[in-house]
Structure formats: C-alpha cells, structure tokens
1. Residues Pro65, Pro86, Pro95: which one is at pLDDT 95 or above and in a loop (DSSP other than H, G, I, E, B)?
2. Can you report the number of residues in the stretch 147-178 which are among the aliphatic types (A, V, I, L, M) and surrounded by fewer than 17 Cβ atoms within 10 Å (Cβ to Cβ)?
3. Which condition number does Thr130 fail, the rest of (1) more than 13 Å from His107 (Cα to Cα); (2) among the polar types (S, T, N, Q); (3) under 13 Å from the mean Cα position of the chain (by Cα) being met?
4. Report whether or not Arg32 is touching a Ser or Thr at 6+ places or on another chain (Cβ under 8 Å), open to solvent by less than 40 Å² (accessible area, probe 1.4 Å), under 22 Å from Pro153 (Cα atoms) and at pLDDT 95 or above.
5. With the checklist (1) open to solvent by less than 70 Å² (accessible area, probe 1.4 Å); (2) farther than 18 Å from Val166 by Cβ; (3) out of contact with any Pro (no Cβ under 6 Å at 6 or more places or on another chain) in hand, flag the one item Ala41 doesn't pass.
6. Does at least one position in the stretch 193-202 carry a residue that is open to solvent by less than 20 Å² (accessible area, probe 1.4 Å), farther than 15 Å from His107 by Cα and in a loop (DSSP other than H, G, I, E, B)?
7. From Leu209, Leu184, Leu198, which residue is among the hydrophobic types (A, V, I, L, M, F, W, C), under 19 Å from Leu92 (Cα atoms) and more than 17 Å from the chain's Cα centre (by Cα)?
Amino acid sequence: MNGPALSRLGAAEALARATIAMAQQQRPLMPRVLPPSAMRAWDRYPQGDIVSPSTGARAFYHAHPDGDDEDEHGHFHFFLPVSAMPADALCLRGPFERLPAADDVVHIAAMAFSTRGLPTALFTLNRWATDEWLYPAAAIMQALARFDLRDAPGDPLVTTWLTAAVHLCRDQIAALLAARDAALATGIGGEDRAHERLSQAPIDLQQLLGDAL
C-alpha cells in the first residue's frame, strides 16, 4: 500500500488533488479507464481489472446493455478480498460458482456514473450478481480501511481517485450496506434474480468534498 489508511479529510484531500491533476492534464477520469474505441456491454475496464498487489482490493468498470437508469452510463464495482474480513466475522453465504482463490472477493458497493462521466449514485448488490462471499455490513465496514488501490498497476491518478472516493463515501456505504442487510433479513431479494440492487442512494461528491475540507 502506498500510504496509511485514508481518513475522511485525507480522502477529500487526495480526491481533490487527483481531480485537479486530471483537469490540468485535460484528461478526466473516464477516458483514463475506458478504451478509445466503443466500449462493449459487460466487458470490464480497464482490461484485467484494477488490483492492488498488497491489499488485494479490486475495482472495475462496466455497463449493462439495459441499465436501470437511462442517464447511467455504467458503474465501478469495488471489492475487498475475503482475507481482509475480520477473523471472527461470519460469512452469510458463499459463491455458487467457485472462483479461483485470487478472485475470492467481498463486494463493498458500486458507484454509478452518468453519460457525462460524473458520479451520481452508490448502490449495493444481491450476492448472486457478483457471485461473491457475502459478509454482513459490520464486517465489511470494519475491514474498509484496507481498501486501497494506490499501488495497483496502471494510472496512479485513477487508483488514487477511486481509493479516495470510497473512503470519502464511507458513511454512505455503511448506510447502504445496512439497508442491504435489512432487505435480506426480511426475505426481499435472497437469490431471487428479480432483485439485483438491494439499496441505492444518490451522491454528490462536490458536497462531500466541501463538508470534509
């Protein structure tokens, strides 16, 4: 990892610096992630995902062919490895299709982007959507400090921006994961393929930056 776990203030400062640097280079976030040619639905970008060799944290961007929101271009998915979970945390459910050990992941949340390339919302998914190891919200939030992509291969401004954005949105992610768990506890969702997103909320990163700085 390229530095200590980010506090809310540290996340805001890192996000602001990365955003300013991208603006100075006249190359915003999404063109750094997506291919110069047309992207393909379901394909993951950048190719090979963004994976930290030290923390095992992972992220990728993709789009569905029939998005729930016509203004949504696609979304980033954020993951921690199973090994990051607290030792005493109880896994609620494992994957149906066993993935290679390197892909044993726990989904944190996803961040939706508009067709203008701006982050618009955070949401959580049902377990089957990522075939993840499902852990309760409390365990994921306890491990969230370990989410760090800053030493991942690729564009350092992208890895810094994504890491900072997740930590800046810590409170929002906690609320969404709690809402996800509440939905699952009432029987809504489960393994029902009709229920993919179990909680969602809009985000305003500019306001979050202003509140933190």
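1. Unique residue meeting the criteria: Pro86.
2. Final tally of qualifying residues: 3.
3. (1)
4. Spelling it out, it is not the case that Arg32 is touching a Ser or Thr at 6+ places or on another chain (Cβ under 8 Å), open to solvent by less than 40 Å² (accessible area, probe 1.4 Å), under 22 Å from Pro153 (Cα atoms) and at pLDDT 95 or above.
5. All conditions are met except number (3).
6. No: the stretch 193-202 contains no residue that is open to solvent by less than 20 Å² (accessible area, probe 1.4 Å), farther than 15 Å from His107 by Cα and in a loop (DSSP other than H, G, I, E, B).
7. Answer to the check: Leu184.
The values are calculated or read from the model by the stated rules, or taken from the named source; none is laboratory data. From a predicted model like this one, the values you see are computed outputs, not experimental measurements. Cβ: placed from backbone, ideal geometry, glycine included. Neighbour counts: every protein chain shown. Please note that ligands, DNA and RNA were not included when accessible areas were found on the heavy atoms of the full protein model with its side chains. Shrake-Rupley method; radii C 1.70, N 1.55, O 1.52, S 1.80 Å.
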